[in-house]
Amino acid sequence: MTRFSYSIMGGDYENGGSASRAVKAQLQRAGVDPATIRRAMIACYEAEMNVVIHARQGQLHAEIEDGLLRVAIEDQGPGIADINLAMQEGYSTADAQAREHGFGAGLGLPNIRRNSEQLQIESVVGQGTTVTFAVRLKSAQLYGNVRHSIRIDAASCQQCHSCVRACPTQAIRAFHRAPEILSYRCIDCTECIAHCPSQALHMASTTWDVRAPRTTRLVVPPEFLAQFYGRHTPQQVHQELVQMGWQDIVLTNSWLEALRYATHELAEQQQFIQPLLTPVCPAVMNLIAWRYPALLAYLTPYQTIWETISATYSAERITCVVMCPAQQSLLTAPEHSQVETISAIDLRDELLSRLPDESPITSLPANRKHTHPSSNQELTITGVQAVMAVLDALECGELSDVAMLELWACSQGCFGTPLALGEGHILNYRWQLRSQASVVLAGVRSRQQPLQPRTGMRLDDDMQQAVVKLARIDQLRESLPGFDCAECGAPSCAALAEDIVLGRARLENCRHQKKNAEEHA
Amino acid sequence: MKLADLFHELHIEVYAHGHNTPITQRQVFAGDRISDLLQHSSEGTLLITNLLGSHLLRLVELVDVSAICLLNRQPTPVELLPSAEKNRTWIVVSPLGLFETCGRIYEVLQREEQIS
């Protein structure tokens, strides 16, 4: 159990909300999901401001236990004469000063009731009031809190369930009008985006605004530039980026080659468990942390290139072009707050509107060798299904003849992201044609803490209940047809059974089951 | 329509940048009571308000709204901006009053929704 208390001063409008802010920090530390935190904050802040507005002083006591946030706010104030009246929307006894500050709408207690459970108010006129309430933190407690950067536009969804079928980690459900993402399962790969015929799934918005560039350094992956090379010269693209306000254009391949080089050095030393997994693709790292936690030991102790780039430029604001949701999630984490991100699509569209329609292709460099030492024991795999097959093999100890593994979730690595314009193999070919003969290696950065396994899903906090639910899932799965057709909105019959037991779906969602029931009736 | 485009079209001055998310009419709320604003705040919401002061800072810190639009060219409270940048919340100032700002935003988003 976690317990904490904070003092609240009556009349202190400047600091009103500080106790709620402290509670929020505790909830974030506990890994509670943002929507639940928002509800808890509305309830806490309303209750705290009631003390500021009406009382001389008060205390906020909070505790987190059994998946519940319990809050008690007691004050030494005038008390409430008629609690039923105070609970009515629009009724307020706030004074003129409170109204000047924007309070006194008569919505404080109703807002607490709306956003919490078990609301109780005890009050003695002339002595004070105690407000207690609870906010259920169940979902975050059970599933963990995982940020992902895939968003769904409900209005565009054609309900074809392609995303449900395509997701390699079975993270998508479509029981309602639009699909939902189970964040604890999502690894931020791009399979759902690639398979959606109506572009209802997309990457979360980035922070970039074309009219107000706020950085002078742009970090660009080669995969982004390769999109233009069929029609425009590298010089033209560079020139336009400079025109848009970036004086320094930095390519990420210097960091990637450095990471490969450092991994190769480690492999040569033969002091580490092999094959060494190079941390090149954040989506694959998410996959390993979620589904293959035993394989985390194979990851080289280096940060991804994005983390290293952020650390390299920690003293200045930089802008990074992101090619996928996994990169976006990584770079929008609080520790990279100086990094602005631009979606590859947004920047590409802007560039295409500025570049001339067609241009001649310039001559190509003749010598195109890689800078890192080559080894015949390196294996590069691209495409998430193939990556999972290789990780399965690695788990079974079948890759003892491989020294280094480089795994990319998208086909052809980032060249194959659905956020790029063009086919991945072609973009990769064009980049290889135009890339420099040698690359100056940037640095690598050691990972301070090893990557941790993701919190898996638990059926229930109570182990006895979890066992009961597990038995119920098995029973339900037996009764379902086993077609794994995904028409119900779950990716498989086993997933539907689990969803039914966890309250996310009903048996009637299975159209085959429903038909059988009607025939027998 | 994305927030940056909306602000640009309406000559709304930007003081802190947030995520450039798409915005629809249903995600815009105007009010001058904190409880009203709290009740309608969620990820993706643009709040329009005459309020100033530390309570706006609390809105940014506590409930993660996407954008707050102040009115009548009011000077932006400086203590608001670092927190807004950290939370990726837009802080913008409209040259117009509440009624007129709402009307213009409605007009632009309505036109946009009809086109799409």
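Please treat every number below as a calculation from the coordinates, not as lab data. Just so it is clear, the structure is predicted and the values come from calculations on it, not from any experiment. Here the Cβ positions follow ideal geometry from the backbone for every residue, glycine too, while neighbour counts run over all protein chains shown.
If I model the range A:2-141 as equal point scatterers sitting on the Cα atoms and use the Debye formula, what is log10 I(q)/I(0) at q = 0.10, 0.12, 0.21 Å⁻¹?
-0.30, -0.43, -1.30
Using a Förster radius of 51 Å, what is the FRET efficiency between residue A:507 and residue A:82 based on their Cβ-Cβ separation? Nearest 0.05, please.
It comes out at approximately 0.60.
So for the protein assembly as shown, taking the charge dipole from beta-carbon charges (+1 Lys/Arg, -1 Asp/Glu), which of B:108, A:294, A:64 sits furthest toward the positive end?
After comparing all options, I get A:294.
Order by neighbour count: A:337, A:7, A:116, fewest other Cβ atoms within 10 Å first, most last.
A:7, A:337, A:116
Counting partner chain Cβ atoms within 10 Å of every residue's Cβ in B:41-48, what's the average?
1
Using helices alone, I'd like the mean residue ellipticity at 222 nm for chain A: each DSSP H run of four-plus residues gives -39500 (n - 2.57), total over residue count, nearest 500.
-10500 deg cm²/dmol
Per the Debye formula with a single identical scatterer at each Cα and no solvent contribution, what log10 I(q)/I(0) holds for the range A:294-339 at q = 0.18, 0.25 Å⁻¹?
-0.58, -0.93
Please report B:7, A:272 as a ranked list, fewest other C-beta atoms within 10 angstrom at the top and most at the bottom.
Numbers: B:7 26, A:272 14.
By the 10 Å Cβ count, ascending, the order reads A:272, B:7.
Report Rg(Cα)/(2.2 N^0.38 Å) for the range A:264-322, keeping two decimals.
After normalising by residue count via 2.2 N^0.38 Å, the value is 1.34.
What is the P(r) of the range A:1-42, as percent of Cα-Cα pairs per 5 Å bin from 0?
5, 20, 29, 22, 14, 8, 1
What's the angle, to the nearest 10 degrees (0 to 90), between helix B:98-115's Cα axis and the longest principal axis of chain B?
40 degrees
Take the Cβ-Cβ distance between residue A:400 and residue A:14 as r, set R0 to 51 Å, and report the resulting FRET efficiency rounded to the nearest 0.05.
Plugging the Cβ-Cβ distance into 1/(1 + (r/R0)^6) gives 0.20.
When the C-alpha atoms of the range A:217-434 are aligned to their principal axes, what extent does each axis show, in angstrom, from largest down?
Result, largest extent first: 53, 41, 29 Å.
So what is the orientation-averaged projected area of the protein assembly as shown, using the convex hull of its C-alpha atoms, in nm²?
If you wrap the Cα atoms of the protein assembly as shown in a convex hull and average its projections, you get 33.1 nm².
Count neighbours as other Cβ atoms within 10 Å of each site's Cβ, and list the trypsin sites (Lys or Arg not before Pro) in the range A:1-76 that are DSSP loop with at most 14 such neighbours.
Counting only loop positions with at most 14 other Cβ atoms within 10 Å, the trypsin sites (Lys or Arg not before Pro) in the range A:1-76 are A:56.
What spacing in nm lies between the two simple spin-label points modelled at residue A:239 and residue A:97, each 7 Å away from Cα in the Cβ direction?
6.5 nm
Can you give the FRET efficiency to the nearest 0.05 for residue B:24 and residue A:59, using r as the Cβ-Cβ distance and R₀ = 25 Å? Write down the numbers at each step before the final one.
On the way: r = 42 Å, r/R0 = 1.67.
Once the sixth-power term is evaluated, E becomes 0.05.
Could you give the angle, 0 to 90 degrees to the nearest 10, between helix A:463-479's Cα long axis and the longest principal axis of the Cα atoms of chain A?
That helix lies at roughly 60 degrees to the long axis.
For every other residue with a beta carbon closer than 13 angstrom to the beta carbon of residue B:109, add +1 if it is Lys or Arg and -1 if Asp or Glu, then tell me the sum.
-1
Do any trypsin sites (Lys or Arg not before Pro) in the range A:123-203 lie in a DSSP loop with no more than 14 other beta carbon atoms within 10 Å, and if so, which?
A:177
Counting Lys and Arg as +1 and Asp and Glu as -1, what is the net charge of the other residues whose Cβ lies under 11 Å from the Cβ of residue A:334?
In short, +2.
Mind computing the radius of gyration and Dmax over the alpha-carbon atoms of the range A:463-520? Å is fine for both.
Rg then Dmax for the range A:463-520, in Å: 11.4, 39.
How large is Rg/Rh for the range A:146-203, to two decimals, with Cα atoms and a Kirkwood Rh?
Taking Rh as the inverse mean 1/r over Cα pairs, Rg/Rh reads 0.90.
Using the count of nearby Cβ atoms within 10 Å as a rough guide to exposure, how do A:61, B:11 rank from fewest to most?
Taking fewest neighbouring Cβ atoms as first place, the list is B:11, A:61.
For residue A:319, what is the net charge nearby, where nearby means another residue's Cβ is under 13 Å from its Cβ and Lys, Arg count +1, Asp, Glu -1?
Net of charged neighbours comes to -3.
Determine the dipole magnitude for the protein assembly as shown: charges of +1 sit on the beta-carbon of Lys and Arg, -1 on that of Asp and Glu, nothing else is charged, the reference point is the Cα centre, and the result goes in debye to the nearest 20.
With only Lys, Arg, Asp and Glu charged at Cβ, the dipole is about 320 debye.
Where the eigenvalues come from the Cα gyration tensor of the range B:25-111, what are the semi-axes √(5λ) of the equivalent ellipsoid, largest first, in whole Å?
Numbers: eigenvalues 74, 42, 27 Å².
Result for the range B:25-111: semi-axes of 19, 15, 12 Å.
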